[in-house]
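Structure record follows, encoded as structure tokens.
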Amino acid sequence: MKRDLLTLADQGPEALGDLLALARALKAEHAAGGNPPLLAGRTLGMIFQKPSLRTRVSFEMAMRHLGGHALYLSPDEIRLGERESVPDVARVLSRYVDAIMARVFAHDHVVALAQWASVPVINGLSDYSHPCQALADLLTIQEKLGTLSGVRLAYVGDGNNVLTSLLFGAALTGMALTAATPPDYAPSPEVVSRAKALAGPTGASLQIGTDPAEAVAGAQVVYTDTWTSMGQEAEAAVRRDAFADFQVNEALLAGASVDVGVMHCLPAHRGEEITDAVADGPHSWLFDQAENRLHAQKAVLVDLLTR
Ligand code: CP
Ligand code: NVA
């Protein structure tokens, strides 16, 4: 039966570990100058309702490395759920392509695509979660620190799709995640209880608070994301006020571990959630993290299309 990647919460700890191992192996093969054509002749359809740099280019290059082809379908072309219903889009595309990647506003849309498509569907970011990002993030932390279990990760900022996926990823890999968000921008109770349920068997610790300095104290990794996600632009001014004390800057990092790594899924809004000095400074892992989107997604594609 076909499988999908809609949220990391659908993965077991073992399946997630296997995906990360596959990503490491594919990255090593690429570095050694080889790219086995594991998906020769296969095609990925990529539906975008929102802009993208990393997701679009890394999926396109992932398919190219693997000997396949990716098809970019812009927001104006498909107009998912407007020009045509989601079930019809899913069924038509399934007749043409071997897998679908979709970046959508409403998570329900990617769920419906998966329900109606006869080919695997990958969530390339919804308002609920960003599983491909979290996979690349876990791969990066594992490479930098040699492990995930017990790693102290602090997240400072909005309780958004990126934090949701990090919570699921941290829960499944036994990490210690402490998040600080403004009180009105915490992750939903549904997300927190779902993540805590996943954390039971792995011993992960997940804490959600409102104090950035407290969250960052002793952290090995500090993570942030935009204060205003795509689709929330009308709230930007209100959010700038609400998040004013949630900037990752050098003063905040002074309370973290001396060799702390800084992460951001990008795009960054320099001077808002992160300063130039931190984004471009010695602790920044930002561009290694962005590169790992490619390697993590190659693993997802190989896993969904060949296993
Ligand atoms: N991090 C991320 O998903 O970037 P894009 O929006 O550029 O794809
Ligand atoms: N939280 C951000 C992530 C962008 C990759 C957004 O949804 O816009």
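The values are calculated or read from the model by the stated rules, or taken from the named source; none is laboratory data. All of these numbers come straight from a predicted model, not from anything done at the bench. Using ideal geometry, Cβ is built from the backbone for each residue, glycine included, and neighbour counts are taken over all protein chains shown. Protein only, heavy atoms only, side chains kept; ligands, DNA and RNA dropped before computing areas. Shrake-Rupley method; radii C 1.70, N 1.55, O 1.52, S 1.80 Å.
Considering the stretch 135-156 alone, what residues qualify as being within 16 Å of ligand 2 (Cβ to nearest atom) and more than 17 Å from S284 (Cα to Cα)?
L135
With the requirement that a residue be under 23 Å from P51 (Cα atoms) and touching a Leu at 6+ places or on another chain (Cβ under 8 Å), what does the stretch 231-282 give you?
Matches in the stretch 231-282: M263, H264, L266, P267, A268, A279.
So, in the stretch 118-159, exactly how many residues are within 12 Å of ligand 1 (Cβ to nearest atom) and either hydrophobic (A, V, I, L, M, F, W, C) or open to solvent by 10 Å² or more (accessible area, probe 1.4 Å) (or both)?
5
Could you pull out the residue among V92, V57 that is open to solvent by 50 Å² or more (accessible area, probe 1.4 Å), assigned to a helix (DSSP H, G or I) and within 16 Å of ligand 2 (Cβ to nearest atom)?
Going through V92, V57 in turn, just one is open to solvent by 50 Å² or more (accessible area, probe 1.4 Å), assigned to a helix (DSSP H, G or I) and within 16 Å of ligand 2 (Cβ to nearest atom): V57.
G45 fails exactly one of the following numbered conditions: (1) within 12 Å of ligand 1 (Cβ to nearest atom); (2) part of a strand (DSSP E or B). What is the number of that condition?
Here G45 meets the rest and fails (1).
Filter the stretch 265-307 down to the residues that are free of Cβ contacts under 8 Å to residues at least 12 places away in the same chain and not in a loop (DSSP other than H, G, I, E, B), then identify the one that is surrounded by the most Cβ atoms within 10 Å (Cβ to Cβ).
E291
List, please: which pairs have Cβ atoms under 6 Å, are six or more places apart or on different chains, and start with a residue in the stretch 71-100 that is farther than 17 Å from R56 by Cα and among the small types (G, A, S) and end with one that is assigned to a loop (DSSP other than H, G, I, E, B) and open to solvent by 70 Å² or more (accessible area, probe 1.4 Å)?
Taking only residues 6 or more apart or on different chains, the pairs are S94/S118.
Scan the stretch 46-98 residue by residue and report those that are under 19 Å from the mean Cα position of the chain (by Cα) and among the hydrophobic types (A, V, I, L, M, F, W, C).
M46, I47, F48, L53, V57, F59, M61, A62, M63
Which of the numbered conditions does A28 fail, given that it passes all the others? Conditions: (1) part of a loop (DSSP other than H, G, I, E, B); (2) away from ligand 1 (no atom under 16 Å from the Cβ).
Answer for A28: the failing condition is (1).
Residues of the stretch 211-246 being within 16 Å of ligand 2 (Cβ to nearest atom) and farther than 21 Å from L167 by Cβ, which ones?
E233, A234, E235, A236, R240 - these are the residues of the stretch 211-246 that are within 16 Å of ligand 2 (Cβ to nearest atom) and farther than 21 Å from L167 by Cβ.
Please go through the stretch 102-117 and pick out each residue that is within 16 Å of ligand 2 (Cβ to nearest atom) and either open to solvent by less than 10 Å² (accessible area, probe 1.4 Å) or among the β-branched types (V, I, T) (or both).
Matches in the stretch 102-117: A102, V104, V110.
Consider the stretch 253-307. How many of its residues are farther than 18 Å from A154 by Cα and aromatic (F, W, Y)?
Of the residues in the stretch 253-307, 1 are farther than 18 Å from A154 by Cα and aromatic (F, W, Y).
Just checking, which of A219, A242, A213 is of a type outside the set (S, T, N, Q) and out of contact with any helix residue (DSSP H, G or I) (no Cβ under 7 Å at 6 or more places or on another chain)?
On the way: A242 fails: out of contact with any helix residue (DSSP H, G or I) (no Cβ under 7 Å at 6 or more places or on another chain); A213 fails: out of contact with any helix residue (DSSP H, G or I) (no Cβ under 7 Å at 6 or more places or on another chain).
Being of a type outside the set (S, T, N, Q) and out of contact with any helix residue (DSSP H, G or I) (no Cβ under 7 Å at 6 or more places or on another chain) holds for just one of A219, A242, A213, which is A219.
Restricting to the stretch 74-89, what's the tally of residues that are charged (D, E, K, R) and either in contact with a Ser or Thr (Cβ under 7 Å, 6 or more places away or on another chain) or surrounded by 12 or more Cβ atoms within 10 Å (Cβ to Cβ) (or both)?
Adding up the residues that qualify gives 3.
Out of all the residues in the stretch 1-51, which are in contact with a Leu (Cβ under 9 Å, 6 or more places away or on another chain), surrounded by fewer than 18 Cβ atoms within 10 Å (Cβ to Cβ) and touching a residue at least 60 places away in the same chain (Cβ under 8 Å)?
Within the stretch 1-51, K2, R3, G12, P13, G17, R24, H30, L38, K50 qualify.
From the list A62, A102, which residue is assigned to a helix (DSSP H, G or I) and of a type in the set (A, V, I, L, M)?
Unique residue meeting the criteria: A62.
Taking the conditions exactly as written (assigned to a loop (DSSP other than H, G, I, E, B), within 20 Å of L16 (Cα to Cα) and at pLDDT 95 or above), does L163 satisfy them or not?
no
Do we have L73 as closer than 23 Å to G231 by Cα and more than 16 Å from ligand 2 (Cβ to nearest atom) here?
yes
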